[in-house]
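As structure tokens, the structure follows; a few thoughts come after it.
The values are calculated or read from the model by the stated rules, or taken from the named source; none is laboratory data. The shown structure was predicted, so the numbers you read here are calculated from the model rather than taken from an experiment. Note that we place each Cβ from the backbone using ideal geometry, even for glycine, and neighbour counts take in every protein chain shown. Each accessible area value is taken on the protein alone, full model and side chains, heavy atoms only, with ligands, DNA and RNA left out. Shrake-Rupley method; radii C 1.70, N 1.55, O 1.52, S 1.80 Å.
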Amino acid sequence: MYTKINLDKTDINSEPPTGEPARQQYFMERLKRVVEEKSQEYGRPLTACVQTFGCQMNAKDSEKLLGILLQAGFTASEDEASDFVLYNTCTVRDNANQRVYGRLGYLNSLKQKNPRMTIALCGCMMQEPSVVEKIRKSYRFVDLVFGTHNIFRLAELLYRCYTEKGMVVDIWEKTDQIVEELPARRKYPFKSGVNIMYGCNNFCSYCIVPYVRGRERSREPEEILTEIRTLVADGVVEVMLLGQNVNSYGKTLAEPMTFAELLRQVAKIDGLERIRFMTSHPKDLSDELIEVMRDCPKICRHLHLPLQSGSSRILKKMNRVYDKEQYLALAGKIQREIPDMSLTTDIIVGFPGETEEDFEETLDVVRQVRYDSAFTFIYSKRTGTPAAAMEDQVPEEVVKPRFDRLLKEVQRISSEVCGKDVGKTMTALVEGVDTHDGRLVTGRLSNNIMVHFPGDVSDIGRLIPVLLMESKGFYYMGRKLP
Ligand code: 5AD
Ligand code: SF4
């Protein structure tokens, strides 16, 4: 679960190397000495807690951050009353920011009890200059702030924090670097996220992501394949290929490659049983990709295809580059070609200028596509995005009832769609013991729906055929086949 790197060849008595990853390997070793000294002084190991806000990209980044901390000699802890606490933040909607500010108050109270505690913030929210300014001014107990482009530098920054006075702030506006070969601590032994690209070039008019995660950069296919082979050798059976817009993978590589071709190559890896990916932009979803999904049984029967709005007028203002008819045609084609494909989506309610008629168009798409599930969001104004400057912002009292209506419709359809496989036998990857009933285990089907069935810890990480006996709306109850 923890990929350690060999630091034996690192000479920490010389000047730090300038190239990466050698420089970080040097600082991991230096940090380790500091951690050892402190742990001798305290008479116990030093603990580190990494808390993740936001999406799967951030979860993956947190595994890398924790890997660096373990390599430097920290002990991992879930408890925020730790010697080192790091919040990996999200800023996609304002409520994500508000949650972090709220939790910082709690961290401050912990630090008052234990002044030796070190508090760090990183991730998307830190790429916003106004946030960093606020932290410098009003949250002076924070020791370290860094962004999304330099997470690989944690060892160096924390070393500075321990050896310099005052808040250490290191934010990069952009980067074209992809630093490979750093340690990572995986949350699950049997499944893992794998970055295939970073950043986003789409500039949907509501979205802050391109500003905080920078321009699109694809990883070299060989790096991706080698990482997956290593993961499989370490017991991983399912990978989730991660990118803001995986369908445009490879366009910027010196030797361009399509996402469909990458999938074909990943699928050839022996021992890898399941492939997922996130997120697909409808505008770039090719026929070649539909064919690969249809023909490759390792590719899971789940496609997340963000709609955002069903109104062609609003989609245009959102800069989504497809209209209602094109989206419906695409969803229809996928459902025809791969009838057991589960479709899920993201929808924003209350984008500037959205009228009742526009909203009805969204409901209409929801009713036609019949999603397995949908994440629904109230539009949140993000400073610096084109939509924030649009004049006709929709008042909350209009948005809220629309949101409630949408949610009700999504849930009604989803409970009908999700129950359709009762009586069938499907393979589940067991992820853990059921949190409510210790006699059951919880598994994930290829279509991303969960099933609970009698089992024990020895089933965790195994792919097991399960008879789906009863639908509970959003999940099934089942039993193992002998
Ligand atoms: N307001 C509300 N929802 C947003 N999303 C992205 N930006 C915003 C915003 N400003 C949603 C989109 C995206 C998901 C990750 O978050 O639906 O697909
Ligand atoms: Fe949040 Fe977007 Fe950053 Fe993910 S990429 S953590 S959703 S702001």
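With every protein chain in place and a 1.4 angstrom probe, the accessible-area ranking of Phe84, Phe141, largest first, reads Phe141, Phe84. Loop-located chymotrypsin sites (Phe, Trp or Tyr not before Pro) across the stretch 261-345 with a Cβ neighbour count of 15 or fewer within 10 Å are lacking, with loop assigned by DSSP.
Suppose a student asked you for the relative contact order of the chain, using Cα pairs under 8 Å spaced at least 6 residues apart; what percent would you report?
Over the chain, the number comes to 10 percent.
Annotation: Arg264 carries an accessible surface of approximately 90 Å², with a 1.4 Å probe and no ligand, DNA or RNA atoms counted. Accessible area of Tyr159 (1.4 Å probe, protein heavy atoms only, ligands and nucleic acids ignored): about 40 Å². When Glu356, Glu156 are compared by accessible area of protein heavy atoms, the largest-first order is Glu356, Glu156, using a 1.4 Å probe. Scaling against 2.2 N^0.38 Å puts the C-alpha radius of gyration of the stretch 230-370 at 1.15. All Cα-Cα separations within the chain were binned at 10 Å from zero, giving a P(r) of 4, 18, 27, 27, 18, 6, 1, each value a whole percent of the pairs. Computed on the Cα atoms alone, the convex hull of the stretch 41-182 gives a volume of 112 cubic angstrom per residue.
If I fit a long axis through the Cα atoms of helix 396-418 and take the longest principal axis of the Cα atoms of the chain, what angle between them do I get, 0 to 90°, rounded to 10? Orientation of helix 396-418: about 70 degrees from the principal axis.
Let me test this: with uniform point scatterers at the alpha carbons of the stretch 139-214, what is the Debye-based log₁₀ I(q)/I(0) at q = 0.15 1/Å? The Debye formula, applied to the Cα set alone, gives -0.74.
When the pairs Lys111/Lys187; Lys187/Lys316; Lys134/Lys165; Lys251/Lys316 are compared against a 31 Å limit on Cα-Cα distance, Lys187/Lys316 fall above it.
Quick one, can you get me the convex hull of the C-alpha atoms of the stretch 382-482 expressed as volume per residue in Å³? Don't skip to the end; give the middle numbers.
Numbers: hull volume 16.1 nm³, N = 101.
For the stretch 382-482, the hull spanned by Cα atoms encloses 159 Å³ per residue.
As I understand it, the value is the acute angle between the Cα axis of helix 94-113 and the longest principal axis of the Cα atoms of the chain; what does it come to in degrees, rounded to 10? Value to nearest ten degrees: 30.
For the stretch 143-268, the alpha carbon positions stretch 52, 39, 27 Å along the principal axes, listed from largest to smallest. State log₁₀ I(q)/I(0) for the stretch 10-115 at q = 0.13, 0.24 Å⁻¹ as given by the Debye formula over alpha-carbon point scatterers of equal weight, solvent excluded. Result of the Debye calculation: -0.60, -1.24. Largest first, the residues Tyr211, Tyr139 sort by 1.4 Å accessible area into Tyr211, Tyr139.
Once every DSSP H run of n ≥ 4 in the chain is given -39500 (n - 2.57) and the sum is divided by its residues, what mean residue ellipticity at 222 nm do you get, rounded to the nearest 500 deg cm²/dmol? Let's see the in-between values first.
Details: 13 runs with 171 residues, N = 482.
It lands at -11500 deg cm²/dmol.
In this simple spin-label model, placing a label point 7 Å from the Cα along the Cα-to-Cβ direction at both Met390 and Asp404 gives a separation of 2.4 nm. Rounded to the nearest 10 square angstrom, Lys38 shows an accessible area of 50 square angstrom against a 1.4 Å probe. Among the cysteines of the chain, those with no neighbouring cysteine Cβ under 4.7 Å are Cys49, Cys55, Cys90, Cys122, Cys124, Cys161, Cys200, Cys296, Cys300, Cys418. Comparing Cα centroids, the stretch 292-312 and the stretch 195-233 end up 18 angstrom apart. Working from label points 7 Å from Cα in the Cα-to-Cβ sense, the Arg33 to Glu255 distance is 4.3 nm.
Students often check this: by mean Cβ neighbours within 10 Å, which of 218-227, 431-440, 249-258 ranks highest, and how do the rest follow?
Working: 218-227: 17.2, 431-440: 12.9, 249-258: 14.9.
Ranking, from highest mean packing down: 218-227, 249-258, 431-440.
Sparsely packed loop sites in the stretch 391-426 (the GluC sites (Glu not before Pro) outside DSSP H, G, I, E and B with at most 13 other Cβ atoms within 10 Å) comprise Glu391. Remark: the stretch 212-227, residue by residue, has Karplus-estimated 3J(HN,Hα) of 9, 10, x, 6, 5, 9, 8, 7, 4, x, 4, 5, 5, 5, 5, 4 Hz, where x stands for each Gly or Pro and the curve is 6.51 cos²θ - 1.76 cosθ + 1.60 at θ = phi - 60°.
Restricting the stretch 376-482 to chymotrypsin sites (Phe, Trp or Tyr not before Pro) that sit in a DSSP loop and have at most 16 other Cβ atoms within 10 Å of their own Cβ leaves Phe474.
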